[in-house]
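Here the structure is laid out as structure tokens; the discussion comes afterwards.
Values in this text are rule-based calculations from the coordinates and carry no lab data. The shown structure was predicted, so the numbers you read here are calculated from the model rather than taken from an experiment. Neighbour counts run over all protein chains shown; Cβ positions are idealised from the backbone, glycine included.
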Amino acid sequence: MTMKIRCFTREHYRVMPWKNHRGTTTEIFIFPENSSVQDDSYLWRVSSAAIASSCSFSQFLGFDRTVLLLEGESMALNHDCVDRPQVVQRMVPYRFKGEWQTTCEIADRAVQDFNLIVRRGKVVADLQVLQVAQVQTEISLQSFQALIFCVSGKLEISCGGSQKKLDHYESLLIEQDSLPNVESMSSSEVLSIRSLGDRAEVILIQVNPKSIE
């Protein structure tokens, strides 16, 4: 299995308006990379937004969303089809459908969220929150693409013979050189990850085409 590994710093990310123009977001990665959130021409996307006050979220028809907080204690999401507010907490993933009409409520302190959005029926994505210590943690990668986002601390990552380091809010993308199939998934790549300090918080996203789910 041949892998391509790329690191992204804050300078690589793109700041842009929300789809509903009610705020701004930082796009961390989008696939395909020449696609746009405005015309729904993508398969999956990772972004982060600072939310300073209660507001309406953009709608994404045909997409599934996963949201968690990177900074701040909590925010409440009100959906048009759900009876009660849903509380989103720091480093706890919350999943909902992109077409739901959604408003968020926050207290008197701004929050920073993290968003994963995937096209329903085309790709499947698994998001994990990891607490990493100085002892190496080994993770089996069974995906076409994997994105590692360093929430806090500093990381050392080894995969496919390469060793990389990530700092706060930096990310690393690991991609196979071709789409996997069911047979190739039985021989997964091993990702080794450890904190360069006492502890690091990490988000790991693994993405596959829907056909090999």
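Here are a few candidate values for Cα extents along the principal axes in Å: (1) 46, 40, 32; (2) 59, 43, 32; (3) 62, 34, 31. Which one was actually calculated from the structure I just gave you?
(1)
What number comes out for the charge environment of ALA110, summing +1 per Lys or Arg and -1 per Asp or Glu over other residues with Cβ under 14 Å away?
Charge balance near ALA110 sits at -3.
Please identify, among ARG95, ARG22, ARG120, the residue showing maximal mean-square fluctuation in a Gaussian network model of the chain using a 10 angstrom Cα cutoff.
ARG22
As a quick test, which of the pairs LYS4/LYS154; LYS19/LYS165; LYS19/LYS164; LYS4/LYS165 have an alpha carbon distance above 25 angstrom in this structure?
Too far apart for the 25 Å limit: LYS19/LYS165; LYS19/LYS164.
Note down the net charge around GLU138, summing +1 for each Lys or Arg and -1 for each Asp or Glu among other residues with Cβ under 14 Å from its Cβ.
Spelling it out: positives minus negatives among the neighbours equals -1.
If you add up the charges near ALA50, with Lys and Arg at +1 and Asp and Glu at -1, over every other residue whose beta carbon is less than 13 angstrom from its beta carbon, what do you get?
0
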